[in-house]
Amino acid sequence: MMPSRTGQQPPDPSLDYADFPAASLSAGTEVVRAHGLKSPWWFSSGGRFGLPKPAGTSYFGDDVAVCLRERLGVITKAAVISPSVVANTRVSFLTMPRAWRCANLTDSSTAEYGVTNALAAEPPLLDEESGKETYQLGPSWAAILYAAGFQGIRYLARFTPGPPNAWALFGKFGAKEQPPPSIHTISGAEAFAMIGKPVTARRSSAHLDFVNPE
């Protein structure tokens, strides 16, 4: 493959990804997930690094703010949160029951495999028939890394600049992954209070809609 400045490309199937840079999510580590009314221990076939059934992917962050931004999008100082968003949001703290060996997209040597910073920041496309958001590049990378034996992906969340702060973990579709983690869940009101965001009773120009709803 010749050098290219055209941006992020799909994975090269001729490469061996077994030695792709790795990051470990250790057993006992607490991660955070912003979600809807389903179980937080849920693996779906959608999202940035979604795997097709019967596998699935579950998304986590290192703190509450990271997770809320990934669910809602950009949350500025002026942003206010509507009651409907609060009512449909939960934030859960999960203690991992085992270690996960994840592909580390934030390692600079992944550039040798064709990874750019654009991979974890790929904007979704709207499927006009289903009305759902879809991704093209992320799932193809997830599939080839999953096939290489990785159990998830460590990456930089799209809406939170800084060091690595997000995990996409692979498992069986649904809520069937065993053993289950220890889970503590708080309400949307509690979660938004933790990051200092007000809740408004009226829709405004700063109102936030879901980017990645469940």
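The values are calculated or read from the model by the stated rules, or taken from the named source; none is laboratory data. The structure displayed is predicted, hence computed values, not measured ones. All Cβ positions, glycine included, derive from the backbone under ideal geometry; neighbour counts span all protein chains shown.
Listed values, structure above:
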item: Given (1) at pLDDT below 95; (2) under 18 Å from the mean Cα position of the chain (by Cα); (3) farther than 22 Å from ALA191 by Cα; (4) surrounded by fewer than 16 Cβ atoms within 10 Å (Cβ to Cβ), index of the condition SER24 fails; result: (1)
item: When residues of the stretch 160-185 are limited to those that are in a loop (DSSP other than H, G, I, E, B) and small (Gly, Ala, Ser), the one modelled with the lowest pLDDT; result: ALA175
item: Residue, farthest from SER182 (Cα to Cα), within the stretch 59-96, restricted to residues that are at pLDDT 95 or above and small (Gly, Ala, Ser); result: ALA65
item: Positions within the stretch 137-159 being in a helix (DSSP H, G or I) and of a type outside the set (S, T, N, Q), in sequence order; result: LEU137, GLY138, PRO139, TRP141, ALA142, ALA143, ILE144, LEU145, TYR146, ALA147
item: Any hit, the stretch 135-147, residues being hydrophobic (A, V, I, L, M, F, W, C), farther than 25 Å from SER24 by Cβ and in contact with a strand residue (DSSP E or B) (Cβ under 9 Å, 6 or more places away or on another chain); result: no
item: Considering residues of the stretch 118-159 that are at pLDDT below 95 and among the polar types (S, T, N, Q) only, the residue farthest from the chain's Cα centre (by Cα); result: SER130
item: Condition met for SER4 (modelled with pLDDT under 95, surrounded by fewer than 18 Cβ atoms within 10 Å (Cβ to Cβ) and either of a type in the set (A, V, I, L, M) or in contact with a Ser or Thr (Cβ under 9 Å, 6 or more places away or on another chain) (or both)); result: no
